[in-house]
Amino acid sequence: MSYVIIFILLWPFKMLMKPFHQRKGRNLVIQTAKIGDFVNITPLLKHLKKSDVLISKTVLPLAGRDSTIESCFLIEEYKNSLLGKIRLAFKLLNRYENVYLLQPNSTNAFYAAFCNAKYKAFLIAYTRKWYHGIFYQTADVVRLHQKTDFTLESYLKLADASLSAESYSKHATYPLWKPERTLPELTENNKIKIGISISAGNKAKTIPTAVWIKILNILAGMPCQFYVFGPENEQKYLDQLLEKLGNSENIISLIGKLELQEVPYAISQMDMYIASDSGNIYIADAVNIPVVCLAGPCDLTEQHPTCAPLILTPEDKKLIPESFIFSAPYKFRHSAEELFALSDTQLDKIRSFVMNKVFQGQSHV
């Protein structure tokens, strides 16, 4: 509600500055969520060719190496003080011809509405507040996004209603950025290289250790090498796994060894990636690596990998999805053991998927 008050107070200054609007055809894309969500806006960035972005600093290592992006504004640098909020508002005010609001929370809707752009296209989601109406009054196009809609397509249609999810491919960086150093762990070998994320940014989406053991066991008869990706704070999850495994010779830890900008290239060296609905799943999908995604509490109708993935949802019908793109809680009614449980049939699907994908032209064959 505070952003509405700021917007009303600043409205006279917005109107006063409107005659000085810079008509240079520049684009502003607003999406301040985390890694997976950033990857899913890249088809729109590709369509727009060049854009400035208002993003979270979390994804700056990717955005800063993306040729479709010119300038990055980091929301964390402005949102914590009234003066900072106003400073950013006036920085953005007259710079843009086109503004695209992809994550419609109060903060982002305020900045999008305050811009004196010729064309403003706003996504409106199922989590909207009644007072957001004042912001949407400033838009030229308002597109309703529901839980049954595919976010990637909703984003594209803000720019052109004729576009579809097939119009543009995703990317993590464009072009794929290759670091100067290459970890010795990633050198070529004749094994099936499978990347895994044993946790997620939202810890409630962490696959239990017992489930990982089942996955590793079902693949035990194949020449697999497992690479564990993640930041340093996920070491405890790997320790729990190693403690319960009888043999861990085929597990290589990359935890804490990669900066975010190095992750896409490292994942591109894999043959397969397995994780819950998390950022690395979407990075893998963006670099055309087959993925196995355990949906757990997430409804993947709205946002999901697109490169022929294997998506496994809970078989128990009482475990209805509770996590959505614009409404993602950090606690769920059911335990992770229930949400991520895998039946024998699902485990067989994982084994068959790995065998089929790997032996259809992967590098070590």
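The values are calculated or read from the model by the stated rules, or taken from the named source; none is laboratory data. Being a predicted model, the structure only gives us computed values, none of them experimental. Heads up, the Cβs are rebuilt from the backbone with ideal geometry, glycines too, and the neighbour counts pull from every protein chain shown. Just the protein is used for accessible areas: all its heavy atoms, side chains included, with ligands, DNA and RNA removed. Shrake-Rupley method; radii C 1.70, N 1.55, O 1.52, S 1.80 Å.
I'm checking my understanding of the structure. Among residues of the range 316-331 that are free of Cβ contacts under 8 Å to residues at least 24 places away in the same chain and not basic (Lys, Arg), which one is most open to solvent (accessible area, probe 1.4 Å)?
Across the range 316-331, the extreme among qualifying residues is ILE320.
In this structure, does TYR282 turn out to be in contact with a Gly (Cβ under 9 Å, 6 or more places away or on another chain) and more than 12 Å from ILE196 (Cα to Cα)?
Against the criterion (in contact with a Gly (Cβ under 9 Å, 6 or more places away or on another chain) and more than 12 Å from ILE196 (Cα to Cα)), TYR282 qualifies.
Return only the number of the condition from (1) farther than 20 Å from ILE252 by Cβ; (2) at pLDDT 95 or above that LYS205 does not satisfy.
(2)
The conditions are (1) more than 20 Å from ALA172 (Cβ to Cβ); (2) at pLDDT 95 or above; (3) surrounded by fewer than 19 Cβ atoms within 10 Å (Cβ to Cβ), and HIS334 fails exactly one of them. Which is it?
Failing condition for HIS334: (2).
Kindly provide the set of residues from the range 96-139 that are in contact with a helix residue (DSSP H, G or I) (Cβ under 6 Å, 6 or more places away or on another chain) and among the small types (Gly, Ala, Ser), ordered by number.
Within the range 96-139, SER106, ALA109, ALA113, ALA121 meet the criteria.
Do you know which residues across the range 337-359 are open to solvent by less than 40 Å² (accessible area, probe 1.4 Å), of a type in the set (Phe, Trp, Tyr) and part of a loop (DSSP other than H, G, I, E, B)?
PHE340
Being open to solvent by 10 Å² or more (accessible area, probe 1.4 Å), within 21 Å of LEU152 (Cβ to Cβ), more than 17 Å from the chain's Cα centre (by Cα) and not hydrophobic (A, V, I, L, M, F, W, C) narrows it down to one of THR301, THR306, THR313, so name that one.
Selected residue: THR313, the only one of THR301, THR306, THR313 that is open to solvent by 10 Å² or more (accessible area, probe 1.4 Å), within 21 Å of LEU152 (Cβ to Cβ), more than 17 Å from the chain's Cα centre (by Cα) and not hydrophobic (A, V, I, L, M, F, W, C).
Going by what's in this entry, would ILE35 be described as open to solvent by 10 Å² or more (accessible area, probe 1.4 Å), within 23 Å of ASP149 (Cβ to Cβ) and touching a residue at least 12 places away in the same chain (Cβ under 8 Å)?
Yes: the conditions hold for ILE35.
Determine which single condition ILE86 fails, assuming it passes every other condition in (1) farther than 16 Å from LYS18 by Cα; (2) hydrophobic (A, V, I, L, M, F, W, C); (3) surrounded by 17 or more Cβ atoms within 10 Å (Cβ to Cβ).
Condition (3) is where ILE86 drops out.
Mind counting the residues in the range 80-104 that are farther than 16 Å from VAL53 by Cα, without any contact (Cβ under 8 Å) to a residue 60 or more places away in the chain and either outside any loop (DSSP other than H, G, I, E, B) or of a type outside the set (Gly, Ala, Ser) (or both)?
So the answer is 4.
Filtering the range 1-32 down to residues that are of a type in the set (S, T, N, Q) and open to solvent by less than 30 Å² (accessible area, probe 1.4 Å), which residue is nearest to ARG95 (Cα to Cα)?
Selected residue: ASN27.
For the range 198-243, give me each residue that is among the charged types (D, E, K, R) and in contact (Cβ under 8 Å) with a residue 24 or more places away in the chain.
LYS203, LYS205, LYS214, GLU232, GLU234 - these are the residues of the range 198-243 that are among the charged types (D, E, K, R) and in contact (Cβ under 8 Å) with a residue 24 or more places away in the chain.
Quick one: is SER162 touching a helix residue (DSSP H, G or I) at 6+ places or on another chain (Cβ under 9 Å), of a type in the set (Ser, Thr, Tyr) and in a loop (DSSP other than H, G, I, E, B)?
no
For the range 192-215, which positions are farther than 17 Å from ASN280 by Cβ, open to solvent by 10 Å² or more (accessible area, probe 1.4 Å) and in contact with a strand residue (DSSP E or B) (Cβ under 7 Å, 6 or more places away or on another chain)?
None; the set is empty.
Could you grab me the full set of residues in the range 258-273 that are touching a strand residue (DSSP E or B) at 6+ places or on another chain (Cβ under 9 Å) and open to solvent by 40 Å² or more (accessible area, probe 1.4 Å)?
GLN269
Give the range 43-79 a look and list any residue that's in a helix (DSSP H, G or I), among the hydrophobic types (A, V, I, L, M, F, W, C) and over 21 Å from LYS118 (Cβ atoms), or say none.
Passing the criteria: VAL59, LEU60, LEU62, ALA63, ILE75.
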